[in-house]
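Below: one structure, written as structure tokens.
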Amino acid sequence: MKLKIAILPGDGIGPEIMTQSLGVVQAVCRKFGHDLDYQEGKIGAVAISDTGIPYPEETHLLCIASDAVLFGAVGSPEYDNNPSAKIRPEQGLLTMRKQLDLYANIRPVKAFSSFIHQSPLRSDLVADVDFVCIRELTGGIYFGRPQGRSEDGLTAYDTCVYNVDEIERIIRLAYNYAGKRRKKLTVVDKANVLSTSRLWRQVAQRLEKEYPDVETEYMFVDNAAMQIIQFPKRFDVLVTENMFGDILTDEASVITGSLGMLASASVGAHTSVFEPIHGSYPQAVGKDIANPLAMILSAALMFEYAFNLPNEGRLIREAVDASLTEKIVTEDIAGKGRAYKTSEVGKWIAEYITLSGK
Ligand code: IPM
Ligand code: MG
């Protein structure tokens with residue numbers, strides 16, 4: 001099969017983990033006889049310093065001409081510490097999401113049995129955790145207008161906006177997902193306070209009747225934040241709005257032992273994007289210490305979702321599991337054991353794939 005993919009490494013550790021993920025993708029393509037055609041594009045702070053724009057037109061054209069996009073991370077301390085910067089690297093990611101209409105971000109949260117002891121939670125709480133967080137990605141407070149400051153600069157505002165169509169399409173996607181899993185959907189909102197949340201709940205209650213085989217529960221976001229820590233095994237599919245999803249998935253990711261492990265798929269009307277949920281980790285740049293697993297697992301999601309090639313995805317997961325069992329891991333999850341470099345972990349996984357019997 002011919003696989004045309006866009007590679008957007010972005011900022012910080014993005015390029016380092018992308019190199020490893022690409023090495024894994026190449027190994028898989030050699031193994032299964034796929035013809036890989038990839039091209040690199042700029043996004044984030046690197047794009048700003050090259051072109052002045054965080055998501056240049058050229059990058060957008062590359063994305064829409066590709067079958068899938070692998071994205072690393074954006075963000076830079078230079079901007080984080082300068083709240084008055086008008087152009088910001090994160091705008092690159094947000095513009096890409098909006099322009100590709102990536103309305104659903106699917107974040108699987110699964111415990112890796114070989115290192116549940118790395119979790120900050122007790123092993124008995126974490127073993128067998130397996131849920132999916134579906135985050136709405138192109139609406140809500142991230143994109144609502146007006147947004148900004150009053151003329152005197154003393155007041156700032158953001159606006160949370162959702163319409164019925166935006167809510168309906170993500171809830172339907174979540175129901176379809178839940179229908180293929182353990183058939184339980186948790187709709188997370190703040191309907192006791194926010195009017196957008198009340199609209200979410202109203203739409204979900206209407207759709208609930210169309211999916212009688214799925215059990216629906218409604219949960220306020222503060223309660224969900226607590227239950228994810230207290231009873232993570234109770235969740236199957238969780239659906240929520242943009243910012244709640246951003247926060248809950250960072251929280252959920254540490255259950256599995258490290259933020260460096262969680263991959264995600266962003267899907268919508270055009271090309272899908274596969275990205276780790278972590279950020280650009282500027283403190284680690286150039287040190288070859290960042291965990292490449294979330295980026296490598298994002299490539300597994302890409303094979304499965306964008307190309308419908310489950311065996312390729314499975315082999316990547318098997319190789320990642322093997323690296324965990326053999327403790328070929330980076331410092332964030334090495335505990336008292338030896339900490340391997342980003343590049344060593346990536347090469348080990350690519351080699352496992354090359355040598356495997358499929
Ligand atoms: C994420 C990130 C982004 C977000 C940032 C980098 C804009 O935190 O993908 O979760 O908030 O969506
Ligand atoms: Mg986030």
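A few comments on the model shown:
- When residues of the stretch 1-42 are limited to those that are acidic (Asp, Glu) and more than 25 Å from ASP288 (Cβ to Cβ), the one surrounded by the fewest Cβ atoms within 10 Å (Cβ to Cβ): ASP35
- Considering only residues in the stretch 302-323 that are of a type outside the set (D, E, K, R) and open to solvent by 10 Å² or more (accessible area, probe 1.4 Å), the one that is farthest from ILE7 (Cα to Cα) turns out to be ALA322.
- Looking across the stretch 242-262, the residues that are in contact with a Ser or Thr (Cβ under 6 Å, 6 or more places away or on another chain) and within 13 Å of ligand 2 (Cβ to nearest atom) come down to LEU259, LEU262.
- Subset of the stretch 250-306 (residues that are outside any loop (DSSP other than H, G, I, E, B), charged (D, E, K, R) and not assigned by TED's automatic domain parsing to the domain that holds ARG169): GLU275, GLU304
- Output for the stretch 67-77, where each listed residue is open to solvent by less than 10 Å² (accessible area, probe 1.4 Å) and either part of a loop (DSSP other than H, G, I, E, B) or not β-branched (Val, Ile, Thr) (or both): ALA68, LEU70, PHE71, GLY72, ALA73, GLY75
- The stretch 131-179, residues that are out of contact with any helix residue (DSSP H, G or I) (no Cβ under 6 Å at 6 or more places or on another chain) and acidic (Asp, Glu): GLU151, ASP152, ASP165, GLU166
- Test: residue in the stretch 92-106 that is open to solvent by 10 Å² or more (accessible area, probe 1.4 Å), within 15 Å of ligand 2 (Cβ to nearest atom) and outside any helix (DSSP H, G or I): no
- In the stretch 266-277, the condition of being within 15 Å of ligand 2 (Cβ to nearest atom) and open to solvent by 10 Å² or more (accessible area, probe 1.4 Å) is met by at least one residue.
The values are calculated or read from the model by the stated rules, or taken from the named source; none is laboratory data. The shown structure was predicted, so the numbers you read here are calculated from the model rather than taken from an experiment. Positions of Cβ are backbone-derived with ideal geometry, glycine not excepted, and every protein chain shown enters the neighbour counts. We work out accessible area using only protein heavy atoms, side chains counted, and drop any ligands, DNA or RNA first. Shrake-Rupley method; radii C 1.70, N 1.55, O 1.52, S 1.80 Å.
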